[in-house]
2 protein chains.
Amino acid sequence: MSTSPRQHIARTILPPSPAFAATYMRIEIICTGDEILTGKTVNTNFSYISGKLAEAGLAVARGTTVGDDRDSLLEAFRLAGERADAVIVNGGLGPTVDDLSQEIAAKAAGVSLVLNQEWLERIEALFRRHNLVMQPNNRKQALLPATAELIDNPIGTACGFELDIGGARFYFTPGVPKELYLMLEEQIIPRLLTRSGTAAISRVKRFHLFGLGESHADSLLEGIQDSLRDRDVKLGFQSHYPQLEVKLAARGHDAGELLGRLEPIEAEVRKRVGNFIVAEDDATLEGIIAEILGRQAASLAVVETLTSGLISARLARLPTAGGFFRRGLIAAAAAEIETLLGLPGGSLSGGPLTEAAMREAARAAFRQTGSTHALVVLADRDDAGQPAPGATVWIAVATAQEVAVRKSRLLRFSDDDWLRTGAVEMGLDTLRRFLLGLPIAEKIDAET
Amino acid sequence: MSTSPRQHIARTILPPSPAFAATYMRIEIICTGDEILTGKTVNTNFSYISGKLAEAGLAVARGTTVGDDRDSLLEAFRLAGERADAVIVNGGLGPTVDDLSQEIAAKAAGVSLVLNQEWLERIEALFRRHNLVMQPNNRKQALLPATAELIDNPIGTACGFELDIGGARFYFTPGVPKELYLMLEEQIIPRLLTRSGTAAISRVKRFHLFGLGESHADSLLEGIQDSLRDRDVKLGFQSHYPQLEVKLAARGHDAGELLGRLEPIEAEVRKRVGNFIVAEDDATLEGIIAEILGRQAASLAVVETLTSGLISARLARLPTAGGFFRRGLIAAAAAEIETLLGLPGGSLSGGPLTEAAMREAARAAFRQTGSTHALVVLADRDDAGQPAPGATVWIAVATAQEVAVRKSRLLRFSDDDWLRTGAVEMGLDTLRRFLLGLPIAEKIDAET
């Protein structure tokens, strides 16, 4: 009964346009390491590399995972060298005996290992700077194949490098995620783009949406590139429940040109799905709320039941929380909320919640806590006997001037956490909409 | 400067013992699908399959990832068929045109595709049961290679199957995680164990620890199998910060025998690291706390600052929370906690926290909330200027009879979330230890 998200892939990965027709390179990724091969560690580096290359318009044809084993590594390097134009190898550059990438790279390329004096000095300097004693095995990290060209790692002792094996150019990267990220984005992708003979830089604009499913967003944004006559801007979607990420990826020859081309398309995205965009790029929904409250020198109290403290946690863990987050009150039972807010017994627990009861609760939270804003998120759970159990979620925001109430039906879908996660996001998004003067009751796709 | 966790792998994956000497099979995994190849989805199925096989004593030699593309799939199947004894293929069994596993399996095996009447009826029955109309493309899911032997999927329409390609036995599994998990654990692993000619079943006992790092736990448990003369029980570690999972994996011919062999080793593990075991198997730390409080008809109030509501959330989201979780009070500033608990101004915010102030706060939380237990977790953050910024975390538990206080220094390490996650776990574990009458101030490895 599974529904596949695949049908969108074909649409979102556009065929290369004439301007980029020369870019096809067969690229493979080889991930090394016993931790990954044995399942001890989930291989997030693979999806990271592959996703970043896709954003730059570079498609990966195959991935291979092998352990820290000489024969497996050599066979994997040789096979990829026969099939591919470019190969990214991840891991195996560390100081320990099971880190074998340099040794096997040299063997596969038929060259010797040579001590790279430049890199050795870099490692020594790094140890000195951290007041640490360099271990003899760190010296091994400066042994590189004779034909290797360095790829800088500004934050670690593992040296990246590139060289030819068979008919392919190999790029060796460290397994430590932070070091990999920096090296891939700042150095390897530009080198691959240059090598592909076309665009030199790429840029990805990201929008974070709440309330629209992937197919709905896809249909709302349909034809957006065509209408703007720029087929080299690629539209993509990535679902991170409860949010949906909408990405615009573009390639070009300089940053100014890219920004200029992206700008009208970004404006069109905001026009078509604007209210549902909770944040852009590295910003977050809770960060936007914190920013608005901070600008107004406002303070917030949160009252929650079903959401179990998760709304408070999203806000209270921000570095700026001290400035705006006043108080979070959490209970499992509505009757306990009555006690906390000084409401008459039964006003929230005596039957299904009502708009009037929510108004009263939000007003009480506002008065009691001395905050400028109060957010109250309560819920009536369905009986488990119902055909599709879920909850009626009630959200109220109160200030000195007004009280706004939103009622929503959310389904449990796979489990309680699914329902709770949706309610957390809806609570935060309702506050964001309230603060920005947007309609708070706009229907979202997850509602029934 | 990265430290590698690899050095433990060699020790924890023991060489096959004489009793299992015949078990070596070369196993490969092939994961298919454009979502995985393009990095849209992180490939958790690979680590799941590989990890489960490792627990059963079956090592994976290589992993391959390919997209929904006929040529790539055929090449991957043929290469693995030449190299391996057994191959597990994941994905590509769905109803859509880009699901190609059956078609390419038939081609690689040199046999035709045949409609499997038995499976077609299963799919039709499944649709009838859910009152859904079967789409014509679901019929495609019953087209199997002529030589395929069915592997049941009791919860989906994608049919698992096995057949020979080249010199290897191939096992085809669905990409939907729940369907894969059931099929792998209940059917494929037993078949692989039987095929390897040795043990027929495997069992994994899991302990969840808080407070011991992997190398410390490893040294405490060193030689545990030798001393018990059962080298076929394999000891393994998996770190899920802030917890460490210790696993005992055993293989045997019947369940009774396995249980009997595992029991003395489990007892020895409890003897050596007992206080640090927060839960076993599918149980959780918060679940254990809920169970004890529930048994005592007790109720709990939680007061937190640094931990931002995350301690409350761990408890309040449990299905049994209504029975014991009374109230969670969260603030960013200690002064707000004074207001909430009716303490004199400055008692918590006037300088560094003290044991006396924590006692007073816990007593006030106990009195104010009417709960039988109060847990108060506060912290003094270091100035960012200090060499290794972190926090002094203070934890107090109060009942009508007593108040217990724990003080701990935790480092920030990589970021604030790291520190916060450690403090959440320490808060919950202190409550667990208090409830069980264990020493609450036993030093943990993450403390300075």
* Structure fact -> Considering residues that are at pLDDT 90 or above and within 21 Å of the chain's Cα centre (by Cα), the number found within region B:188-212 is 10
* Provide a single number: the residues in region A:362-384 that are within 18 Å of A:G350 (Cβ to Cβ) and touching a helix residue (DSSP H, G or I) at 6+ places or on another chain (Cβ under 6 Å). => 2
* Asked: Is it the case that region B:400-413 has a residue that's farther than 29 Å from A:P319 by Cα and part of a strand (DSSP E or B)?
  -> yes
* **Test: residue in region B:57-71 that is basic (K, R), crowded, with 23+ Cβ neighbours inside 10 Å, at pLDDT 95 or above and out of contact with any Cys (no Cβ under 8 Å at 6 or more places or on another chain)** => yes
* To do: Could you identify the single residue in A:V114, A:V66, A:V133 that is away from chain B (no Cβ under 13 Å), of a type in the set (V, I, T) and more than 24 Å from the chain's Cα centre (by Cα)?
  => A:V114
* Structure fact -> The correct count of residues that are within 14 Å of another protein chain (Cβ to nearest Cβ) and either small (G, A, S) or assigned to a strand (DSSP E or B) (or both) in region B:175-204 is 2
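Could you tell me whether B:G51 is within 26 Å of B:T147 (Cβ to Cβ), within 26 Å of the chain's Cα centre (by Cα) and within 7 Å of chain A (Cβ to nearest Cβ)?
Working: within 26 Å of B:T147 (Cβ to Cβ): no; within 26 Å of the chain's Cα centre (by Cα): yes; within 7 Å of chain A (Cβ to nearest Cβ): yes.
Against the criterion (within 26 Å of B:T147 (Cβ to Cβ), within 26 Å of the chain's Cα centre (by Cα) and within 7 Å of chain A (Cβ to nearest Cβ)), B:G51 does not qualify.
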* Asked: Of the residues that make up region B:399-416, is at least one closer than 22 Å to A:L329 by Cα, out of contact with any Lys or Arg (no Cβ under 8 Å at 6 or more places or on another chain) and free of Cβ contacts under 8 Å to residues at least 40 places away in the same chain?
  -> yes
* **The one condition in (1) buried (at least 21 other Cβ atoms within 10 Å of the Cβ); (2) within 25 Å of B:D417 (Cβ to Cβ) that B:L293 fails to fulfil** => (2)
* To do: Test A:D218 against the criterion of being in contact (Cβ under 8 Å) with a residue 40 or more places away in the chain, of a type in the set (D, E), farther than 22 Å from A:V278 by Cβ and not assigned by TED's automatic domain parsing to the domain that holds A:T32, and give yes or no.
  => no
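Out of region B:297-323, which residues are β-branched (V, I, T) and within 10 Å of B:L375 (Cα to Cα)?
We begin by selecting, within region B:297-323, every residue β-branched (V, I, T); these are B:302-303, B:305, B:307, B:311, B:320.
Across region B:297-323, the qualifying residues are B:V302, B:V303, B:I311.
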* Could you please give the count of residues in region A:392-404 that are buried (at least 22 other Cβ atoms within 10 Å of the Cβ) and within 31 Å of the chain's Cα centre (by Cα)? => 5
* Asked: What residue, of A:R251, A:R270, A:R206, is over 27 Å from A:D417 (Cα atoms), surrounded by fewer than 18 Cβ atoms within 10 Å (Cβ to Cβ) and basic (K, R)?
  -> A:R270
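For every residue, the table says whether it meets (1) farther than 21 Å from B:M183 by Cβ; (2) surrounded by fewer than 23 Cβ atoms within 10 Å (Cβ to Cβ); (3) out of contact with any Cys (no Cβ under 9 Å at 6 or more places or on another chain); (4) more than 13 Å from chain A (Cβ to nearest Cβ).
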| residue | (1), (2), (3), (4) |
| --- | --- |
| B:K107 | yes, yes, yes, yes |
| B:G110 | yes, yes, yes, yes |
| B:E121 | no, yes, yes, yes |
| B:R128 | yes, yes, yes, no |
| B:N138 | no, yes, yes, no |
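Got at least one residue in region B:151-165 being assigned by TED's automatic domain parsing to the domain that holds B:S47, assigned to a helix (DSSP H, G or I), at pLDDT below 95 and buried (at least 19 other Cβ atoms within 10 Å of the Cβ)?
Among the residues of region B:151-165, not one is assigned by TED's automatic domain parsing to the domain that holds B:S47, assigned to a helix (DSSP H, G or I), at pLDDT below 95 and buried (at least 19 other Cβ atoms within 10 Å of the Cβ), which makes the answer no.
The rows are residues; the columns are (1) among the charged types (D, E, K, R); (2) touching a strand residue (DSSP E or B) at 6+ places or on another chain (Cβ under 6 Å); (3) at positive phi.
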residue: B:R251; (1), (2), (3): yes, yes, no
residue: B:D254; (1), (2), (3): yes, no, no
residue: B:E257; (1), (2), (3): yes, no, no
residue: B:K271; (1), (2), (3): yes, no, no
residue: B:G274; (1), (2), (3): no, no, no
residue: B:V302; (1), (2), (3): no, yes, no
* Structure fact -> Within region A:1-35, of all residues that are of a type in the set (A, V, I, L, M) and at pLDDT 95 or above, the one farthest from A:V87 (Cα to Cα) is A:I30
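In region B:226-235, is there at least one residue being modelled with pLDDT of 85 or more and either within 30 Å of B:R412 (Cβ to Cβ) or surrounded by fewer than 20 Cβ atoms within 10 Å (Cβ to Cβ) (or both)?
Taking region B:226-235 first, the residues modelled with pLDDT of 85 or more are B:235.
After this cut, where a residue has to be either within 30 Å of B:R412 (Cβ to Cβ) or surrounded by fewer than 20 Cβ atoms within 10 Å (Cβ to Cβ) (or both) as well, the list is none.
Checked against the condition, which is being modelled with pLDDT of 85 or more and either within 30 Å of B:R412 (Cβ to Cβ) or surrounded by fewer than 20 Cβ atoms within 10 Å (Cβ to Cβ) (or both), region B:226-235 yields no hits at all.
Within region A:427-443, is even one residue of a type in the set (A, V, I, L, M), closer than 28 Å to B:H130 by Cβ and in contact with an Asp or Glu (Cβ under 9 Å, 6 or more places away or on another chain)? Lay out the reasoning, then the answer.
If we filter region A:427-443 for residues that are of a type in the set (A, V, I, L, M), which is where we start, we get A:428, A:431, A:435-436, A:438, A:440-441.
Adding the requirement that they be closer than 28 Å to B:H130 by Cβ leaves none.
Among the residues of region A:427-443, not one is of a type in the set (A, V, I, L, M), closer than 28 Å to B:H130 by Cβ and in contact with an Asp or Glu (Cβ under 9 Å, 6 or more places away or on another chain), which makes the answer no.
Any residue at all in region A:243-250 that is assigned by TED's automatic domain parsing to the domain that holds A:S219, outside any strand (DSSP E or B) and of a type outside the set (D, E, K, R)? Give the steps one after another, and end with the answer.
Narrowing region A:243-250 to residues assigned by TED's automatic domain parsing to the domain that holds A:S219: A:243-250.
Adding the requirement that they be outside any strand (DSSP E or B) leaves none.
No: zero hits.
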* To do: Among the residues of region A:308-323, write down those that are within 7 Å of chain B (Cβ to nearest Cβ) and among the small types (G, A, S).
  => A:S308, A:G309, A:S312, A:A313, A:A316, A:A321, A:G322
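Are there strands (runs of 3 or more DSSP E) fully within region B:27-118 with at least 3 residues that are of a type outside the set (V, I, T)? List them. Full working, then the answer.
On the way: elements: B:27-32, B:60-66, B:86-90, B:113-115.
Result: B:60-66.
The values are calculated or read from the model by the stated rules, or taken from the named source; none is laboratory data. What you are looking at is a predicted structure, and each value in this text was computed from that prediction instead of being measured. Every residue, glycine among them, receives a Cβ derived from its backbone with ideal geometry; neighbour counts consider all protein chains shown.
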